[in-house]
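Just below is one structure, and these are the notes that go with it.
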Amino acid sequence: MSLLTIDNISVNYGRLTALRNASLTLAKGETFFVTGPNGAGKSTLLKAIAGVVAPKSGTIHFANTDIGGRTPEDIARLGFSMVPEGRHVFGSLTIEENLRLGVGMRDDKDAAERELETIYSVFPMLKDRRYQTAGVLSGGQQQMLVIGRALMANPQLIAIDEPSLGLAPKVIDDVYAVLLKLRDTRGLTLLIVEQSSTRATMTGGRMILLRGGEIVLEGDARELTKGDALKAAYFGYGEHH
Amino acid sequence: MTALLQILFDALSLGSLYALGAIGIALIFGVMRLVNFAHGDYISFCVFALLWPSIDAAAIVFAGQLPAYLLIPIILATGACLSMLSEILVFRRFRNANPATMMIASFALGFVIKYTLLMLFSSRPKSIDLWSELALPVEILDARIPLLQVITIIITVLILAALVAFLKRTRFGLEMRAAAENFTMARMLGVRANAVILLAFAISGMLAASIGLILVTQTGTVDIQMGSSVMLVAFIATVIGGLGSLPGAVVAGFLIGGISVLMQVILPLDVRPFRDAFVYGAVIVVLIWRPNGLFAPRSAKQRV
């Protein structure tokens, strides 16, 4: 049973086509990478799932629900947690308030409190500074905060736009370790956008390559990166046989 | 000393009105990037809710006769309902329009409310006796201060304290602060946009109603133009405070109140009629010094 099914969606910004006839399916507990150069439509794909941009055509099903035309808050409440590009921390709120926002959709407040402790045990730095405003955190700390916040909702699927961007390699390792652990223990499904395929190769899982708004390659991440096919597709050599 | 105390109370009570108005505007701007020019007309509407519709010169007091424990909640509810209705019927349709369109819509709504009142009550100001005993002075350190001024200041402090408690201590308050900073991100975390915005409108409407009640008690009259003058200054206060910043709105409200009263005292007698020119002159100086206001929030950028 698939958790997320995207069928043939296209997204336009005005006259510009950002995404054209994209289809993909994610099973529960899967790790799925979306790679591709700048402007390939990676972020647009995530925004379309999150309900922030409306697709011009096509359907999206998440958790057995047709989420086309649903509001972002409805989709979040179905168990979709989004970490958009650019680390949107609420700078005037404290770190703990930022985290608590993540549990807005949960009725079980005790579970929410336990979740807070879990997040703090994963990112102890956040606990040490819990009453400081989030605006003072460094880039890497903000990235941990937004990922922690997205996990507070105990989502079925977490979509992260460029978790590695601007982070030290050591911190990237930590972030991935946390995500993979949650995948293995809770069956969390990971949908990760990365500009490079390096992480996908290290982690394993399925991968698609987007270029010019279209899915040009799809398959097992480790298989795809073996030959020159990925590089060719990434830079578009294939068009000039 | 006594004169100083009198000036202080004048400044604080005038500043209270401006601060309450400014916060009502800043709340809505925070969650919707809407500068609601109909806010002043909410004030007038609440004031006229005290009367029975008639175009006679004499006011037919209606809700105004009720005892305070009934009258205050009814007028507050009137403000909240009017404000929420304007969100549901008008502003919700413009939510994805650009801010200028929303602002023009708010002007239009203001005119609709104003002319509805005009049709029902005529344009003549009417006198009404609401809690006039509060105009009696009390002695504080030898200065004779109208009781109403003291009450106005106390009520404003209580309202501000309640608002801070709401924003800092409740789930809805947390969501409202988050929504004011980054609405799209808040929604992606499950914050219900319609509920938060509707609540902001309700609070804003109740603030308008409180201003209306204070104004009527102070002046003993009911007038269609009543809200507009406070609203203008309150709007300027939100700009000086930094659009969207609630503490900024309060501080700037009191600041303008203080400057107005101070000008009234220190300006030579012949110049006093031009007091407002000096007040707004000071406003211009502040804006040249800090174009984004005194407390510009980080998130003052346009919403995408």
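Bear in mind these aren't lab numbers, they're just calculated from the coordinates by the rules spelled out. A quick note: this is a predicted structure, and the numbers were derived from the prediction, not measured. Don't worry about glycine lacking a Cβ; one is built from the backbone with ideal geometry, like all the others, and counts go over all protein chains shown.
General observations
- Neighbour net charge for residue A:141 - beta-carbon separation under 13 angstrom, K R +1, D E -1: +3
- Antiparallel DSSP beta bridges within the protein assembly as shown, percent to nearest 5: 65 percent
- Exceeding the 28 Å Cα-Cα cut-off - candidates A:127/A:170; A:42/A:109; A:42/B:168: A:42/A:109; A:42/B:168
- Computed over every Cα-Cα pair of the protein assembly as shown and binned at 10 Å starting from 0, the pair-distance distribution P(r) comes out as 4, 16, 23, 20, 15, 11, 7, 3, 1, 0 percent.
- Size descriptor, Kirkwood hydrodynamic radius, that averages inverse alpha-carbon separations across region B:21-98, Å: 14.1 Å
- Over region A:136-201: Kirkwood hydrodynamic radius from C-alpha pairwise inverse distances, Å: 12.3 Å
- Whole-angstrom gap from region A:20-44 to region B:195-239, using each part's C-alpha centre: 50 Å
- Between 0 and 90°, nearest 10: helix A:169-186 axis offset from chain A longest Cα axis: 90 degrees
- Shape summary: region B:22-165 maps onto an equivalent ellipsoid whose semi-axes, from the alpha-carbon gyration tensor, are 30, 23, 13 Å in decreasing order.
- Percent RCO, i.e. relative contact order, over chain B, from Cα pairs under 8 Å lying at least 6 residues apart: 35 percent
- What the pair-distance distribution of chain A shows, using all Cα-Cα distances binned every 5 Å from zero, is 1, 6, 14, 18, 19, 17, 12, 7, 3, 1, 0, 0, 0 percent.
- For chain A, DSSP calls about 55 percent of its internal beta bridges antiparallel.
- Length, then width, then depth: along the principal axes, the Cα atoms of region A:39-115 run 40, 30, 15 Å.
- FRET efficiency for the pair residue B:70 and residue B:194, taken as 1/(1 + (r/R0)^6) with r the Cβ-Cβ distance and R0 = 35 Å, rounds to 0.70.
- With a Förster radius of 45 Å applied to the beta-carbon distance between residue A:226 and residue B:116, the computed FRET efficiency rounds to 0.05.
- FRET efficiency for the pair residue B:274 and residue B:184, taken as 1/(1 + (r/R0)^6) with r the Cβ-Cβ distance and R0 = 51 Å, rounds to 0.65.
- Percent of Cα pairs in region A:23-163 per distance bin of 5 Å, from zero to the largest separation: 2, 10, 18, 21, 20, 15, 9, 5, 1, 0.
- When the Cα positions of B:273, B:46, A:224 are compared along the charge dipole of the protein assembly as shown, A:224 comes out farthest toward the positive end, with charges on each C-beta of Lys, Arg, Asp and Glu.
- Cα centroid separation, region A:93-145 to region B:1-25 (Å): 40 Å
- Counting beta carbons within 10 Å around each of B:192, B:187, B:95 and listing the fewest first gives the order B:95, B:192, B:187.
- Computed extension length for residue B:267-residue B:144: 42.0 nm, one decimal, from 0.36 nm per residue of separation with the Cα-Cα distance subtracted.
- Kyte-Doolittle at least 0.0, axis length at least 27 Å by Cα - qualifying DSSP helices, chain B: B:2-32, B:68-89, B:99-121, B:147-169, B:193-219, B:246-266
- Quarter of the Cα convex hull surface for region B:102-192, i.e. its orientation-mean projected area (nm²): 10.7 nm²
- Sorted by Cβ density within 10 Å, fewest first, the residues B:286, A:146: B:286, A:146
- Burial ordering of B:196, B:90, fewest other beta-carbon atoms within 10 Å first: B:90, B:196
- Descending Cα extents along the principal axes, region B:61-132, whole Å: 45, 28, 17
- Globularity index of chain B, i.e. its alpha-carbon radius of gyration over 2.2 N^0.38 Å: 1.00
- Straight-line cross-link reach from residue B:114 at under 28 Å between alpha-carbon atoms covers these lysines, not counting any fewer than eight positions away in the same chain: B:126.
- For region A:1-74, the equivalent ellipsoid derived from the Cα gyration tensor has semi-axes of 19, 15, 10 Å, listed largest first.
- Counting only DSSP H runs of at least 4 residues, each contributing -39500 (n - 2.57), and dividing by the residue count of the protein assembly as shown, the helix-based mean residue ellipticity at 222 nm comes to -17500 deg cm²/dmol.
- Computed label-point distance, nm, for sites residue A:7 and residue B:77 using a 7 Å Cα→Cβ extension: 5.0 nm
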